[in-house]
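To start, the structure itself, in structure tokens.
No lab work stands behind these numbers, since they all come straight from the coordinates. Just so it is clear, the structure is predicted and the values come from calculations on it, not from any experiment. Ideal geometry is used to build each Cβ from the backbone, glycine not excepted, and the neighbour counts take in all protein chains shown.
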Amino acid sequence: MSNDRPDRDPGIIRSVDRAVAILDLLARDGWRAGAEVARDLGVHRSTALRLLGTLERHGLVERDSRTAKYRLGRRLPQLASVVTGEFDLRYVARPVCERLAGALGETVTLDVLDADEIVPIEQATGSTSVVSVNWLGRRTPIHCTASGKVIMAFAPSAVRQRLLGRPLERRTPHTIVDRGELEEQLAAALDAGFARTFQELEVGLDAIAAPVHSADGGVVGALDVSGPAHRLEEDRPELIALTREAAADLSRRLGYRTPAART
């Protein structure tokens, strides 16, 4: 009996498994004909060709019209670069976040901008912090987070204006919902090199953030220190200094070099 009968959900899963097996096969052996792929997968040649055709339409494999053989497609490096870029950023950021969290005793996250929202992709917890939620992957509005403010402040003007054009949702009684007031805060953040929020995302939660630069000078994220308002509102000179230093350290690790001052 053929194993190619069209099942419902099990068939869909099997097709995905076979597609992944084809990618593994081409990664290992390079150019392969459809018949060879079918033999190695143990399926009919027509099934293998349908799968190869689908992968080809999505740029995951490519076909040599002269030999009718297939190899991995050029879209795979593009997809891999997205994952690798985030992985490298998290890998480099982890010791920086841990050291800053240990020095301040608060929660430290590395936050990035994704689809006009802030998303933490790395987190470290200090000895005195009390974390009621895991921030990793939690999407928050850009205008009421310290990371969001600092990313907007250092973003290109066109990006900043687009983000400022979005509705400013009031999350707490302290959330800044006036565009003019928010723009003043962004200008101050750009000048000072950091941004702060005071119970603007959640009541009782304050935060401070500094920008993280990539090798080309663009801002790829922000280091954010958050904690109870009664602790972060205190006079703690080290809070600003250490946050900025940690962000600068991470930027250097990513290849960023501070432009030389003009004389």
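A few remarks follow.
- log10 of Debye I(q)/I(0), alpha-carbon scatterers only, for the chain at 0.17 Å⁻¹: -1.14
- Full extension of the segment from His44 to Arg257, taken as 0.36 nm per residue of separation minus the current Cα-Cα distance, would add 71.0 nm.
- A simple spin-label model places the labels of Ala187 and Asp88 3.7 nm from each other, with each point 7 Å out along Cα-to-Cβ.
- GNM on the chain, alpha-carbon springs under 10 angstrom: the most fluctuating residue among Leu110, Leu239, Leu76 is Leu76.
- Label-point separation in nm, Asn134 to Glu62, each point 7 Å along Cα→Cβ: 4.0 nm
- The chain, relative contact order [Cα under 8 Å, separation at least 6], %: 13 percent
- Largest mean-square fluctuation among Gln123, Gln199, Gln161, in a Gaussian network model of the chain whose springs join Cα atoms under 10 Å apart, belongs to Gln161.
- The GNM of the chain, with springs linking C-alpha atoms under 10 angstrom apart, assigns the highest mean-square fluctuation among Arg236, Arg179, Arg50 to Arg50.
- In this Cβ point-charge picture (+1 for Lys and Arg, -1 for Asp and Glu), region 197-263 has a dipole of about 520 debye about its Cα centre.
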